[in-house]
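Comments concern the structure below.
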Amino acid sequence: MGVSAEDSHGSTAAERQPGASGHEVRAGYRFPTDRLIVDADEQGRMHGHCAIPAERWGDRVDPTFLARYPIRVIGDALFSCHPDRGYVHMVHRIRQLQPVALGEPITVDGMFVAVDPVPRGWMMKGRFEYRRGDGTLVMVVEPEALMADRSRMPPPKSAGAGPAISTAVPADAAAARAEEGFETVTEKRFTPENVVGYSGKGRNPIHDDPDHARIMGFRAPIVAGNQLINLLLEPLAMGGRPERFEVDVRLRRPVFWDEAVTVEGRKGADGRWAHTRVVKPDGRVASDCTVIAIEG
């Protein structure tokens, strides 16, 4: 795939052209202001795809359901402007300043702060701010996602490639994690139904189209990064929901739509979870969450 010359701001002529959604993929592009409401029914439906009980977040919005919005609109921009490119969520930073109640309207403004070339395509970086009607800032989200050039992706794997599906964790890996201070918090099993139910059919083919997944180098569709973030933040609500927190999430390896995973955590000196992570059946860490600060 050819790339035209960049201008002084680092964006190509193709990137500057708005797609069918009206969005552009370029540093400095601001998304239109939007209004979000997460009600109890919607939260319950989405939590059902994650095996998270309703009482975990109670009458508050699970922060992940607000924080997932940037990935949706960034994806809309990418697929509208560049339908030939892939999309992989890699980093998510969330700072909650105040909790949000179910049914409460929240306004969100966001922008691309950078679209930088990397070996497999371009890394898109954003910043999104969430406010109440009176202007009070309640959350800041800073995502990073790869806009992948298919010509630079690894060769497709056959349908049968990859390790056999197992819920067993190798004994040596489990022992090593125990030495690091990690313990099992929850165990989850993904299915194609709950992965597609969470992501939405047709929104991003990497989550629901086996052929597209193989083209992008995966043996099967993968779980959305946002869905893994739900699992990573769930422990923070156990034993008391936080008023304020800041986390840095890294999505390191794909989790396939037919895998079982273990959510592990390590507590800090204050007895609260300081680090959570999703571990694959072979013992490798798929994603992890560092708790930078937590209060309340």
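The values are calculated or read from the model by the stated rules, or taken from the named source; none is laboratory data. Owing to the predicted nature of the structure, the values given are computational and were not obtained by experimental measurement. So basically every Cβ, Gly included, is an ideal-geometry build from the backbone, and we count neighbours across all protein chains shown. With ligands, DNA and RNA removed, areas are computed over all heavy atoms of the protein, side chains included. Shrake-Rupley method; radii C 1.70, N 1.55, O 1.52, S 1.80 Å.
Please find the FRET efficiency linking R266 to R131, where r is the Cβ-Cβ separation and R0 is fixed at 30 Å, and quote it to the nearest 0.05. Let's see the in-between values first.
Details: r = 33 Å, r/R0 = 1.11.
Using R0 = 30 Å, I get an efficiency of 0.35.
Accessible area per residue (1.4 Å probe, heavy atoms of protein chains only) ranks S287, S199 as S199, S287, with the largest value leading. Here the stretch 67-118 and the stretch 120-149 have alpha carbon centers that stand 5 Å from each other.
Report, as a whole number in µm² per second, the diffusion coefficient that Stokes-Einstein gives for the stretch 14-96 at 37 °C and 0.692 mPa s using the Kirkwood radius over alpha carbon pairs. All intermediate terms of the calculation are to be shown ahead of the outcome.
Values: Rh = 14.9 Å.
D = 221 µm²/s.
Using alpha-carbon positions, what is the distance between the centroids of the stretch 272-296 and the stretch 28-59, in Å? That distance is 21 Å. Taking every protein chain into account, the 1.4 Å probe leaves Y87 with about 20 Å² of accessible area, to the nearest ten.
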